[in-house]
Amino acid sequence: MRKVFIAAVAALVMIGSTFQTNAQKNYNTLEQSTYIKVKGGYGWGVAKDGYYIDMGQGSSIDGVQEQIFTSLGGGVIAGIAVGHFFTDHFGAELDFTYLKGTKQNVQNVSVGGVTYQSADAYTNQYRLAPTIIMSTGNSKMLSLYTKVGFVLPMGGYAMVESSAVDPKTSAAMEINQKINGDFSIGFTGSLGVQYRINDRLATFVELEGVYLNIKRKKSTIEKFTVNGTDQLDNFTAITGKPIEVEYVDSVDSNNPDPSKALKTTSPYSKQGINIGFTYYF
C-alpha cells in the first residue's frame, strides 16, 4: 500500500508539472476567494499496531501464534469544508469529516479447524481538521496545492464484535464491546490537484495522510448472548468481568478495582485518496 501511495504522489506531481504551463487562464480570486467544498474518498490503515482489544490481539491456529497488526483508520470518508484564500498562494481551511471504518479481524483462535474465539473491530468517527493550504496559484485553471494541519476527533466510537465457544460446555457466546475515546490530537497532510471549471466551480483530487492515535476513555459491553439468548444482565456473573471499564492513568495494585484499567492508545492512521468539488463565493 505504501508503494501505491508513493506512486500516486509522483503521478500528481507529474500531472501538475506537465499541464500547468498550458493552464494560464486566471480568475478573479479577490472576489472568489472564500469557498465551500464537498468530498468523498477511501483510505487504508497505516502505522499499524499490535494491540487493540482487551482480551489480547493476534491469531493462534493449532498452537501456532501470530501477531495481527492493525489500524482502524481505513475506510470510506465523506466530508465538507469551508476555506478562504488570503492571497493567490496561501489560505486556511476547516474540514469536517465522517469516517465509516473498515471492519478488521483482530483475533482468531482455532484448534483442529474449529474457531474457538474471534474478534472484529471497526470505527465510526467524526473529525475536525483545521489546516493551512498552499497553492501554486489558486486563480489558475490548473494548480497544485498542499495542506497541513491537525486532526481532532469530535465524536464516534470503536466497536469490537467477538464470539467465543467454551471448549468444555460448547456454549457459544457473542460479545459486542463499545469503546469511547478521550481527547486526542493527530496530524494530517494532503497533496492535491485542482481544476477550475469556471470562476465559481472547481474539481479536485488529493492524496491524504492522517496520523492519529486515540486514548481510551471507557468501554461498555453492549451485547452478550449465550447460545443465542440475551444474557447482558448476567454478564458479570457469568464472565467475572464488569460491563463498563474506565481507563485511567494509574491503578492501585494493592486495592484492585476491576472497573478501572490503565489508559492505552489505539491506532487510527490512514493514507487515502479523495475527490470532490469546490464552490467559490
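The values are calculated or read from the model by the stated rules, or taken from the named source; none is laboratory data. The model shown is predicted, which means the values in this text are computed figures rather than measured ones. FYI the Cβ positions are ideal-geometry reconstructions off the backbone, even for glycines, and counts take in every protein chain you see.
So, of the residues in the stretch 176-187 that are of a type in the set (A, V, I, L, M, F, W, C) and without any contact (Cβ under 8 Å) to a residue 60 or more places away in the chain, which turns out to be surrounded by the most Cβ atoms within 10 Å (Cβ to Cβ)? Taking the candidates together, the pick is PHE187. Screening THR97, THR87 for residues that are free of Cβ contacts under 8 Å to residues at least 12 places away in the same chain, among the β-branched types (Val, Ile, Thr) and within 30 Å of ASN198 (Cα to Cα) leaves exactly one candidate, THR87. Take SER259 and tell me if it is surrounded by fewer than 16 Cβ atoms within 10 Å (Cβ to Cβ), within 29 Å of the chain's Cα centre (by Cα), without any contact (Cβ under 8 Å) to a residue 24 or more places away in the chain and more than 30 Å from VAL46 (Cα to Cα). Criteria met by SER259. For the stretch 198-221, residues that are in a strand (DSSP E or B), in contact (Cβ under 8 Å) with a residue 60 or more places away in the chain and of a type in the set (D, E, K, R) total 2.
Being surrounded by 15 or more Cβ atoms within 10 Å (Cβ to Cβ), of a type outside the set (A, V, I, L, M) and either free of Cβ contacts under 8 Å to residues at least 40 places away in the same chain or in a strand (DSSP E or B) (or both) is a property that SER190 has.
When the residues of the stretch 112-124 are narrowed to those that are exposed (fewer than 15 other Cβ atoms within 10 Å of the Cβ) and assigned to a strand (DSSP E or B), which ends up modelled with the highest pLDDT?
Within the stretch 112-124, the first condition is being exposed (fewer than 15 other Cβ atoms within 10 Å of the Cβ), and the residues that meet it are 112-115, 124.
Next cut, assigned to a strand (DSSP E or B) only: 114-115, 124.
Working: VAL114: 68, THR115: 71, ASN124: 95.
Among those residues, the one meeting the criterion is ASN124.
Among the residues of the stretch 228-256, those identified as part of a loop (DSSP other than H, G, I, E, B) and surrounded by fewer than 12 Cβ atoms within 10 Å (Cβ to Cβ) are GLY228, GLY240, ASP249, SER250, ASP252, SER253, ASN254, ASN255, PRO256.
In the stretch 202-221, how many residues are farther than 30 Å from LEU142 by Cα and within 19 Å of the chain's Cα centre (by Cα)?
Here the count works out to 8.
Only strands (runs of 3 or more DSSP E) whose full extent lies in the stretch 34-111 are considered here, and the ones with at least 2 residues that are at pLDDT below 95 and exposed (fewer than 15 other Cβ atoms within 10 Å of the Cβ) are 64-66, 104-111.
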